[in-house]
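Let me begin by presenting the structure, written as structure tokens, before commenting on it.
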Amino acid sequence: MLAKLSNKTRQISKRRLAPVYLLGCMGLFTLTADVQAADAQVAKAQVAKAQVAKAQVAKAQTITLSELQQQLAEHHLVRGDFTQTRTMEMFSQPLVSQGQFLLTQQQGLLWQQTAPFPVKLTLTADKLSQQFGDQPAQVMSASDNPMVFYFSHVFLSLFKGDTSQLMEQFDLTLSEQGNGWQLVLVPTSAPLNAVFRDITIVGDQHINQLRLNEVRGDNTLIDFSHQRTTPAALSAEEQRAFQL
């Protein structure tokens, strides 16, 4: 009996085993004896997978800057959390901060850092306010500090994905990135090209990550999470924050 089993085992070992299939919720496994049929099924699945992947790449590669701008502009209000990691040559450890943000197409950007210490930044079309903890807010306009205001509005354009505005100051390269997209910006003129080597934005329906690489070697990485478009109306406190 053992000899017969041994011979049968050797015969099976000479053949390629077919794929293993999961049967039901009990986790039972079975082997098919039809190797050729199984190989055909595998080949068919691989072809189908390759076709889907090819279609996804083609779709991602055919998205234009205007389509990306339109996609991001569909959301008149976006809320979420952020984690900012700044790496500087003068420090051995990166500087990490966290908080919440609110971006509206009409009012601007409300950036509220909660850790490691509270900071509230409010940016509108013509004003910039910065408040540390319980201290009085410092409000400035473009005439007060043109350079700070200039960089702040460049950041706002990046955050909104305003490609029409960014094209005036950067060379833009849009490409596929996983299931989303990646936009690389290289500054074309001063003062931006004296500060930034390049800027990369990664996203899908929303912007998920923003990386700023500086000429001197420092870099800032901002990860956005829990993006949402509700509640769609501003609270009374949020409305007051934008009234600078």
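The values are calculated or read from the model by the stated rules, or taken from the named source; none is laboratory data. These numbers were taken from a predicted model, which means no experiment stands behind them. Every residue, glycine as well, gets a Cβ built from its backbone with ideal geometry; the counts of neighbours run over all protein chains shown. With ligands, DNA and RNA removed, areas are computed over all heavy atoms of the protein, side chains included. Shrake-Rupley method; radii C 1.70, N 1.55, O 1.52, S 1.80 Å.
Results for (1) touching a residue at least 60 places away in the same chain (Cβ under 8 Å); (2) over 24 Å from W111 (Cα atoms); (3) of a type in the set (G, A, S), shown as yes or no for each residue.
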residue	(1), (2), (3)
H153	no, no, no
D162	yes, no, no
E176	yes, yes, no
A194	no, yes, yes
Worksheet item: Among the candidates S164, S175, which residue alone is open to solvent by 30 Å² or more (accessible area, probe 1.4 Å), in a helix (DSSP H, G or I) and of a type outside the set (A, V, I, L, M)?
Response: S164
Item to complete: Tally the residues that are farther than 17 Å from N213 by Cβ and among the hydrophobic types (A, V, I, L, M, F, W, C), restricting the search to region 160-182.
Response: 3
Worksheet item: If we scan region 123-143, do we find a residue that is under 25 Å from the mean Cα position of the chain (by Cα), touching a residue at least 12 places away in the same chain (Cβ under 8 Å) and open to solvent by less than 20 Å² (accessible area, probe 1.4 Å)?
Response: yes
Discussion item. The conditions are (1) without any contact (Cβ under 8 Å) to a residue 24 or more places away in the chain; (2) surrounded by 15 or more Cβ atoms within 10 Å (Cβ to Cβ), and R240 fails exactly one of them. Which is it?
Written reply: (2)
Fill in: The one condition in (1) touching a residue at least 24 places away in the same chain (Cβ under 8 Å); (2) farther than 22 Å from E74 by Cα; (3) open to solvent by 40 Å² or more (accessible area, probe 1.4 Å) that T220 fails to fulfil
(3)
